[in-house]
Amino acid sequence: MLYFVFTTGRCNLRCSYCGGSFNPEIVPWRVEYDLGDLIRLVEGDGDATIAFYGGEPLLNPGFIMEVMDAVPARRFVVQTNGTAVRALPPEYWRRMDAVLLSIDGPEGVTDGYRGRGVYRTVLSSARWLREVGFSGDLIARMTVSEGSDVYRDARHLLELGLFDHVHWQIDAVWSEGWADFRGWAERVYKPGVSRLVDYWISEAREGRVPGLVPVLGVLRVELTGESMGIPPCGAGRDAFAVSTDGRVLACPIAVAEGWAELGRLGSVGPGDLPGRVSIGEPCASCPYLRYCGGRCLYAHVERLWGEEGFEALCDLTRHLVDEVLSVADEVRALIGEGRIDPGEVLYPPYNNTTEIIP
Ligand code: SF4
Ligand code: SF4
(Lines give C-alpha, C1' and ligand atoms only; values in the text may rest on other atoms or scores of the structure.)
(Ligands and ions follow the chains in the order given, each with its own letter.)
Protein backbone atom coordinates (compact mmCIF):
# COMPACT_ATOMS: atom_id res chain seq x y z
CA MET A 1 0.00 0.00 0.00
CA LEU A 2 0.93 3.63 -0.39
CA TYR A 3 0.89 5.83 2.69
CA PHE A 4 1.10 9.60 2.27
CA VAL A 5 2.69 10.86 5.46
CA PHE A 6 2.20 14.55 6.16
CA THR A 7 5.24 16.05 7.84
CA THR A 8 3.63 19.47 8.31
CA GLY A 9 0.67 21.50 7.13
CA ARG A 10 2.95 24.46 6.51
CA CYS A 11 4.25 25.54 3.12
CA ASN A 12 6.80 28.21 2.23
CA LEU A 13 5.14 29.10 -1.09
CA ARG A 14 1.72 30.40 -2.05
CA CYS A 15 1.08 29.02 -5.50
CA SER A 16 -1.78 30.57 -7.39
CA TYR A 17 -3.83 27.36 -7.60
CA CYS A 18 -3.26 26.25 -4.02
CA GLY A 19 -2.90 29.15 -1.64
CA GLY A 20 -0.14 27.77 0.57
CA SER A 21 -0.22 26.37 4.08
CA PHE A 22 -3.13 24.46 5.55
CA ASN A 23 -5.02 25.99 8.42
CA PRO A 24 -3.08 24.56 11.40
CA GLU A 25 -6.38 23.71 13.09
CA ILE A 26 -7.10 21.30 10.25
CA VAL A 27 -3.59 20.05 9.42
CA PRO A 28 -1.27 20.93 12.33
CA TRP A 29 2.14 22.23 11.38
CA ARG A 30 3.84 19.73 13.72
CA VAL A 31 3.43 15.99 13.95
CA GLU A 32 1.24 15.29 16.97
CA TYR A 33 1.10 11.50 17.08
CA ASP A 34 3.44 8.85 18.38
CA LEU A 35 5.74 7.43 15.68
CA GLY A 36 5.13 3.95 17.09
CA ASP A 37 1.53 4.16 15.83
CA LEU A 38 2.76 4.77 12.28
CA ILE A 39 5.20 1.88 12.59
CA ARG A 40 2.38 -0.41 13.74
CA LEU A 41 0.22 0.62 10.76
CA VAL A 42 2.95 -0.07 8.22
CA GLU A 43 5.00 -2.94 9.66
CA GLY A 44 2.77 -5.80 8.54
CA ASP A 45 2.71 -4.54 4.97
CA GLY A 46 5.59 -6.06 3.01
CA ASP A 47 4.98 -3.74 0.06
CA ALA A 48 4.60 -0.38 1.78
CA THR A 49 5.56 2.86 0.09
CA ILE A 50 5.78 5.98 2.23
CA ALA A 51 5.36 9.27 0.40
CA PHE A 52 6.26 12.37 2.37
CA TYR A 53 3.71 15.11 1.85
CA GLY A 54 2.62 18.46 3.22
CA GLY A 55 2.43 21.46 3.21
CA GLU A 56 6.01 21.37 2.11
CA PRO A 57 7.39 18.15 3.59
CA LEU A 58 11.00 19.35 3.67
CA LEU A 59 10.12 22.03 6.20
CA ASN A 60 10.26 19.14 8.67
CA PRO A 61 13.36 17.19 7.65
CA GLY A 62 13.85 15.82 11.18
CA PHE A 63 10.61 13.88 10.98
CA ILE A 64 11.49 12.52 7.53
CA MET A 65 14.75 11.18 8.96
CA GLU A 66 12.98 9.67 11.97
CA VAL A 67 10.50 7.89 9.71
CA MET A 68 13.16 6.66 7.29
CA ASP A 69 15.20 5.34 10.20
CA ALA A 70 12.35 3.64 12.04
CA VAL A 71 9.50 2.68 9.70
CA PRO A 72 10.05 -0.54 7.76
CA ALA A 73 8.69 0.62 4.41
CA ARG A 74 9.90 -0.92 1.18
CA ARG A 75 10.11 2.41 -0.63
CA PHE A 76 10.28 6.11 0.16
CA VAL A 77 8.99 8.89 -2.06
CA VAL A 78 8.64 12.63 -1.58
CA GLN A 79 6.48 15.25 -3.25
CA THR A 80 8.19 18.59 -2.81
CA ASN A 81 8.15 22.09 -4.21
CA GLY A 82 11.92 21.74 -4.56
CA THR A 83 12.92 24.84 -2.60
CA ALA A 84 14.38 23.15 0.49
CA VAL A 85 15.95 19.89 -0.67
CA ARG A 86 19.28 20.69 0.97
CA ALA A 87 17.59 20.48 4.39
CA LEU A 88 17.70 16.68 4.15
CA PRO A 89 21.18 15.11 4.24
CA PRO A 90 22.41 13.33 1.09
CA GLU A 91 22.40 9.88 2.70
CA TYR A 92 18.61 10.13 3.03
CA TRP A 93 18.21 11.29 -0.57
CA ARG A 94 20.20 8.28 -1.70
CA ARG A 95 17.58 6.06 -0.05
CA MET A 96 14.63 7.71 -1.81
CA ASP A 97 13.04 5.73 -4.62
CA ALA A 98 11.28 8.64 -6.31
CA VAL A 99 11.32 12.40 -5.94
CA LEU A 100 8.50 14.47 -7.42
CA LEU A 101 9.54 18.09 -7.92
CA SER A 102 6.78 20.58 -8.62
CA ILE A 103 7.57 22.59 -11.73
CA ASP A 104 5.07 23.68 -14.34
CA GLY A 105 7.13 24.33 -17.46
CA PRO A 106 9.43 27.15 -18.62
CA GLU A 107 10.53 29.88 -16.26
CA GLY A 108 7.71 32.31 -17.05
CA VAL A 109 5.02 29.67 -16.52
CA THR A 110 6.48 28.18 -13.34
CA ASP A 111 7.30 31.52 -11.73
CA GLY A 112 3.95 32.93 -12.85
CA TYR A 113 2.11 30.30 -10.80
CA ARG A 114 4.60 29.59 -8.02
CA GLY A 115 6.53 32.83 -7.45
CA ARG A 116 9.59 34.55 -8.78
CA GLY A 117 12.79 32.52 -8.77
CA VAL A 118 11.10 29.17 -8.16
CA TYR A 119 11.98 27.72 -11.59
CA ARG A 120 15.70 28.32 -11.18
CA THR A 121 15.63 27.05 -7.60
CA VAL A 122 13.92 23.82 -8.62
CA LEU A 123 16.39 23.17 -11.45
CA SER A 124 19.28 23.82 -9.11
CA SER A 125 17.70 21.35 -6.63
CA ALA A 126 17.29 18.72 -9.36
CA ARG A 127 20.97 19.02 -10.28
CA TRP A 128 22.01 18.92 -6.62
CA LEU A 129 20.01 15.74 -6.00
CA ARG A 130 21.88 14.01 -8.79
CA GLU A 131 25.23 15.39 -7.60
CA VAL A 132 24.72 13.96 -4.11
CA GLY A 133 23.88 10.55 -5.50
CA PHE A 134 20.09 10.35 -5.71
CA SER A 135 19.66 7.66 -8.37
CA GLY A 136 15.91 7.04 -8.25
CA ASP A 137 13.12 8.31 -10.44
CA LEU A 138 13.17 12.11 -10.74
CA ILE A 139 9.71 13.25 -11.75
CA ALA A 140 8.62 16.73 -12.81
CA ARG A 141 5.12 17.26 -11.44
CA MET A 142 3.34 19.93 -13.42
CA THR A 143 0.14 21.74 -12.66
CA VAL A 144 -1.50 22.75 -15.91
CA SER A 145 -3.64 25.87 -15.68
CA GLU A 146 -4.91 28.65 -17.88
CA GLY A 147 -1.46 30.04 -18.74
CA SER A 148 -0.17 26.58 -19.66
CA ASP A 149 0.41 25.03 -23.03
CA VAL A 150 0.71 21.37 -22.11
CA TYR A 151 2.69 20.53 -25.26
CA ARG A 152 5.20 23.35 -24.95
CA ASP A 153 5.56 22.96 -21.19
CA ALA A 154 5.91 19.17 -21.00
CA ARG A 155 8.38 19.16 -23.91
CA HIS A 156 10.39 21.86 -22.22
CA LEU A 157 10.71 19.80 -19.05
CA LEU A 158 11.57 16.61 -20.93
CA GLU A 159 14.21 18.37 -22.98
CA LEU A 160 15.99 19.75 -19.96
CA GLY A 161 17.39 16.23 -19.64
CA LEU A 162 17.10 16.37 -15.85
CA PHE A 163 13.85 14.50 -15.28
CA ASP A 164 13.17 10.82 -15.90
CA HIS A 165 9.44 11.43 -16.10
CA VAL A 166 7.00 14.29 -16.49
CA HIS A 167 3.49 14.13 -15.09
CA TRP A 168 0.80 16.76 -15.24
CA GLN A 169 -2.37 17.51 -13.33
CA ILE A 170 -5.07 19.85 -14.54
CA ASP A 171 -5.81 22.68 -12.12
CA ALA A 172 -9.40 21.65 -11.66
CA VAL A 173 -9.84 20.72 -8.03
CA TRP A 174 -10.71 23.92 -6.24
CA SER A 175 -9.87 26.56 -8.77
CA GLU A 176 -12.60 29.02 -9.62
CA GLY A 177 -10.22 31.35 -11.38
CA TRP A 178 -10.65 30.06 -14.92
CA ALA A 179 -11.89 32.69 -17.37
CA ASP A 180 -12.62 30.19 -20.13
CA PHE A 181 -11.87 26.57 -19.29
CA ARG A 182 -13.72 25.11 -22.27
CA GLY A 183 -12.09 27.51 -24.74
CA TRP A 184 -8.64 26.67 -23.35
CA ALA A 185 -9.46 22.97 -23.48
CA GLU A 186 -10.38 23.13 -27.17
CA ARG A 187 -7.74 25.64 -28.28
CA VAL A 188 -4.75 24.59 -26.20
CA TYR A 189 -5.16 21.44 -24.15
CA LYS A 190 -6.66 18.92 -26.54
CA PRO A 191 -4.40 19.88 -29.48
CA GLY A 192 -1.47 19.87 -27.05
CA VAL A 193 -2.23 16.33 -25.91
CA SER A 194 -2.53 15.21 -29.55
CA ARG A 195 0.85 16.75 -30.32
CA LEU A 196 2.44 15.13 -27.27
CA VAL A 197 1.19 11.72 -28.41
CA ASP A 198 2.55 12.41 -31.93
CA TYR A 199 5.86 13.42 -30.41
CA TRP A 200 5.88 10.33 -28.18
CA ILE A 201 5.36 7.89 -31.04
CA SER A 202 7.85 9.63 -33.33
CA GLU A 203 10.47 9.29 -30.59
CA ALA A 204 9.50 5.64 -30.05
CA ARG A 205 10.13 4.96 -33.74
CA GLU A 206 13.70 6.08 -33.07
CA GLY A 207 14.01 3.75 -30.09
CA ARG A 208 13.43 6.35 -27.38
CA VAL A 209 10.66 6.27 -24.76
CA PRO A 210 9.75 9.77 -23.54
CA GLY A 211 8.73 9.63 -19.91
CA LEU A 212 5.29 11.18 -20.28
CA VAL A 213 3.37 9.59 -17.43
CA PRO A 214 -0.23 9.99 -18.71
CA VAL A 215 0.75 8.46 -22.07
CA LEU A 216 2.63 5.58 -20.44
CA GLY A 217 -0.14 4.93 -17.92
CA VAL A 218 -2.83 4.53 -20.58
CA LEU A 219 -0.52 2.45 -22.77
CA ARG A 220 0.12 0.17 -19.85
CA VAL A 221 -3.58 -0.68 -19.62
CA GLU A 222 -3.75 -1.47 -23.32
CA LEU A 223 -0.52 -3.47 -23.47
CA THR A 224 -1.01 -5.54 -20.33
CA GLY A 225 -4.78 -6.00 -20.54
CA GLU A 226 -5.02 -5.00 -16.88
CA SER A 227 -7.57 -2.26 -16.20
CA MET A 228 -6.53 1.02 -14.63
CA GLY A 229 -6.92 0.95 -10.87
CA ILE A 230 -10.11 2.62 -9.65
CA PRO A 231 -9.15 5.36 -8.94
CA PRO A 232 -5.72 5.43 -10.64
CA CYS A 233 -4.09 7.16 -7.66
CA GLY A 234 -5.32 4.36 -5.37
CA ALA A 235 -7.14 6.75 -2.99
CA GLY A 236 -9.36 4.74 -0.66
CA ARG A 237 -8.28 1.48 -2.29
CA ASP A 238 -4.58 1.00 -1.64
CA ALA A 239 -3.42 4.55 -0.96
CA PHE A 240 -4.11 6.40 2.28
CA ALA A 241 -2.86 9.51 4.00
CA VAL A 242 -1.82 10.09 7.58
CA SER A 243 -2.28 13.68 8.66
CA THR A 244 -0.07 15.32 11.25
CA ASP A 245 -2.81 14.90 13.86
CA GLY A 246 -2.94 11.14 13.26
CA ARG A 247 -6.13 11.05 11.22
CA VAL A 248 -6.05 8.46 8.44
CA LEU A 249 -7.61 9.78 5.24
CA ALA A 250 -8.66 8.23 1.96
CA CYS A 251 -7.07 11.08 -0.02
CA PRO A 252 -4.36 13.55 1.03
CA ILE A 253 -6.28 16.47 -0.44
CA ALA A 254 -9.43 15.68 1.53
CA VAL A 255 -8.20 16.95 4.89
CA ALA A 256 -11.51 18.49 5.95
CA GLU A 257 -14.05 16.21 4.28
CA GLY A 258 -15.83 13.80 6.60
CA TRP A 259 -16.27 11.13 3.91
CA ALA A 260 -12.49 10.77 3.62
CA GLU A 261 -11.79 10.27 7.32
CA LEU A 262 -11.28 6.56 7.93
CA GLY A 263 -10.08 6.60 11.52
CA ARG A 264 -7.05 7.41 13.64
CA LEU A 265 -3.59 5.97 13.89
CA GLY A 266 -3.55 3.52 16.74
CA SER A 267 -7.15 2.47 16.25
CA VAL A 268 -7.12 1.35 12.59
CA GLY A 269 -5.05 -1.32 10.87
CA PRO A 270 -4.30 -1.65 7.16
CA GLY A 271 -7.13 -4.17 6.78
CA ASP A 272 -9.70 -1.62 8.01
CA LEU A 273 -8.96 0.95 5.33
CA PRO A 274 -9.68 -0.26 1.77
CA GLY A 275 -13.08 -0.02 0.16
CA ARG A 276 -14.77 2.43 2.54
CA VAL A 277 -15.09 5.06 -0.20
CA SER A 278 -15.16 4.28 -3.87
CA ILE A 279 -16.04 5.48 -7.34
CA GLY A 280 -19.66 5.05 -8.46
CA GLU A 281 -21.71 6.51 -11.30
CA PRO A 282 -21.31 7.85 -13.90
CA CYS A 283 -17.92 6.12 -13.97
CA ALA A 284 -19.18 2.63 -13.14
CA SER A 285 -21.00 2.43 -16.46
CA CYS A 286 -18.61 4.57 -18.51
CA PRO A 287 -16.92 2.78 -21.42
CA TYR A 288 -13.67 4.60 -20.59
CA LEU A 289 -13.49 3.35 -17.01
CA ARG A 290 -10.98 0.65 -17.96
CA TYR A 291 -8.50 3.36 -19.03
CA CYS A 292 -9.55 6.25 -16.82
CA GLY A 293 -10.28 4.53 -13.53
CA GLY A 294 -12.68 7.35 -12.61
CA ARG A 295 -9.76 9.82 -12.64
CA CYS A 296 -9.91 11.27 -9.10
CA LEU A 297 -11.86 10.15 -6.04
CA TYR A 298 -11.91 13.66 -4.58
CA ALA A 299 -13.33 15.22 -7.74
CA HIS A 300 -15.77 12.31 -8.05
CA VAL A 301 -17.19 12.84 -4.57
CA GLU A 302 -17.01 16.62 -4.35
CA ARG A 303 -17.89 17.66 -7.93
CA LEU A 304 -16.92 21.21 -7.10
CA TRP A 305 -17.46 22.23 -10.71
CA GLY A 306 -20.89 20.56 -10.84
CA GLU A 307 -22.00 17.89 -13.30
CA GLU A 308 -21.13 20.05 -16.28
CA GLY A 309 -17.63 20.69 -15.01
CA PHE A 310 -17.17 16.99 -14.29
CA GLU A 311 -18.20 16.17 -17.85
CA ALA A 312 -15.83 18.83 -19.23
CA LEU A 313 -12.95 17.01 -17.55
CA CYS A 314 -14.21 13.63 -18.80
CA ASP A 315 -14.05 15.04 -22.30
CA LEU A 316 -10.35 15.78 -21.81
CA THR A 317 -9.70 12.33 -20.37
CA ARG A 318 -11.49 10.65 -23.28
CA HIS A 319 -9.41 12.69 -25.70
CA LEU A 320 -6.18 11.58 -24.04
CA VAL A 321 -7.28 7.94 -24.03
CA ASP A 322 -8.38 8.02 -27.69
CA GLU A 323 -5.13 9.62 -28.79
CA VAL A 324 -2.99 7.12 -26.90
CA LEU A 325 -5.01 4.14 -28.12
CA SER A 326 -4.57 5.34 -31.71
CA VAL A 327 -0.85 4.51 -31.45
CA ALA A 328 -1.11 1.37 -29.30
CA ASP A 329 -0.81 -1.12 -32.19
CA GLU A 330 2.32 0.58 -33.41
CA VAL A 331 3.76 0.55 -29.91
CA ARG A 332 3.05 -3.18 -29.69
CA ALA A 333 4.88 -3.67 -32.98
CA LEU A 334 7.86 -1.58 -31.87
CA ILE A 335 8.13 -3.69 -28.71
CA GLY A 336 7.75 -6.89 -30.76
CA GLU A 337 10.59 -5.79 -33.06
CA GLY A 338 12.77 -5.01 -30.05
CA ARG A 339 12.96 -1.32 -30.98
CA ILE A 340 11.76 -0.12 -27.56
CA ASP A 341 12.09 -1.65 -24.12
CA PRO A 342 8.76 -2.74 -22.60
CA GLY A 343 10.30 -2.15 -19.18
CA GLU A 344 10.43 1.56 -19.97
CA VAL A 345 6.91 1.63 -21.38
CA LEU A 346 5.18 -0.20 -18.51
CA TYR A 347 5.11 2.63 -16.03
CA PRO A 348 4.80 3.23 -13.14
CA PRO A 349 6.38 0.08 -11.70
CA TYR A 350 4.59 0.75 -8.37
CA ASN A 351 2.28 3.49 -7.12
CA ASN A 352 4.78 6.34 -6.88
CA THR A 353 2.05 9.02 -6.40
CA THR A 354 1.83 10.02 -10.05
CA GLU A 355 -1.95 9.91 -10.45
CA ILE A 356 -1.61 8.97 -14.15
CA ILE A 357 -4.86 10.52 -15.42
CA PRO A 358 -4.43 14.32 -15.36
S1 SF4 B 1 -14.24 9.53 -18.38
FE2 SF4 B 1 -15.42 10.52 -16.74
S3 SF4 B 1 -17.23 9.22 -16.39
FE4 SF4 B 1 -15.71 8.04 -17.56
S5 SF4 B 1 -14.59 6.88 -16.01
FE6 SF4 B 1 -13.45 8.77 -16.43
S7 SF4 B 1 -14.15 10.26 -14.88
FE8 SF4 B 1 -15.65 8.57 -14.94
S1 SF4 C 1 -6.07 12.14 -7.73
FE2 SF4 C 1 -7.82 12.90 -6.53
S3 SF4 C 1 -8.41 11.21 -5.15
FE4 SF4 C 1 -6.37 10.79 -5.93
S5 SF4 C 1 -4.96 11.60 -4.36
FE6 SF4 C 1 -5.24 13.21 -5.92
S7 SF4 C 1 -6.96 14.46 -5.15
FE8 SF4 C 1 -7.00 12.52 -4.01
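The values are calculated or read from the model by the stated rules, or taken from the named source; none is laboratory data. Since the model is a prediction, treat every value here as computed from it, not as a measurement. Please note: Cβ atoms are built from the backbone with ideal geometry, for glycine as well, and neighbour counts cover all protein chains shown.
Worth a mention:
- Neighbours by Cβ (under 7 Å, 6+ apart or cross-chain): first from the stretch 233-252, within 19 Å of GLY9 (Cβ to Cβ); second of a type in the set (Asp, Glu) and away from ligand 2 (no atom under 12 Å from the Cβ): THR244/GLU32; ASP245/GLU32; GLY246/GLU32; GLY246/ASP37; ARG247/GLU261; LEU249/GLU261
- Summed over the stretch 295-341, residues that are more than 10 Å from ligand 1 (Cβ to nearest atom) and outside any helix (DSSP H, G or I) total 10.
- Among the residues making up the stretch 154-193, those that are aliphatic (A, V, I, L, M) and assigned to a helix (DSSP H, G or I) are ALA154, LEU157, LEU158, ALA185, VAL188, VAL193.
- Number of the condition not met by ARG40 [criteria: (1) of a type outside the set (A, V, I, L, M, F, W, C); (2) farther than 22 Å from CYS251 by Cα; (3) part of a helix (DSSP H, G or I)]: (2)
- Filtered residue count, the stretch 277-294, keeping only those that are surrounded by fewer than 22 Cβ atoms within 10 Å (Cβ to Cβ) and near ligand 1 (Cβ under 7 Å from one of its atoms): 5
- Filtering the stretch 302-323 to residues that are within 15 Å of ligand 2 (Cβ to nearest atom) and either more than 19 Å from the chain's Cα centre (by Cα) or modelled with pLDDT under 95 (or both) leaves GLU302, ARG303, LEU304, TRP305, GLY309, PHE310.
- Of everything in the stretch 231-240 that is within 8 Å of ligand 2 (Cβ to nearest atom) and not in a loop (DSSP other than H, G, I, E, B), the residue that is surrounded by the most Cβ atoms within 10 Å (Cβ to Cβ) is ALA235.
- Going through (1) away from ligand 2 (no atom under 16 Å from the Cβ); (2) over 22 Å from ILE139 (Cβ atoms); (3) in a loop (DSSP other than H, G, I, E, B) one by one, ARG208 falls short only on (2).
- Residues satisfying the stated conditions in the stretch 251-276, i.e. part of a loop (DSSP other than H, G, I, E, B) and crowded, with 18+ Cβ neighbours inside 10 Å: CYS251, PRO252, ILE253, ALA254, VAL255, LEU273
- Count - residues of the stretch 60-97 that are crowded, with 19+ Cβ neighbours inside 10 Å and among the acidic types (Asp, Glu): 1
- Meets criteria (of a type outside the set (A, V, I, L, M) and part of a helix (DSSP H, G or I)) for ARG116: no
- Every residue from the stretch 137-153 that is more than 15 Å from the chain's Cα centre (by Cα) and either crowded, with 22+ Cβ neighbours inside 10 Å or modelled with pLDDT under 95 (or both): SER145, GLU146, GLY147, SER148, VAL150, ASP153
- Among the residues making up the stretch 253-295, those that are hydroxyl-bearing (Ser, Thr, Tyr) and closer than 18 Å to ILE356 by Cα are SER278, TYR288, TYR291.
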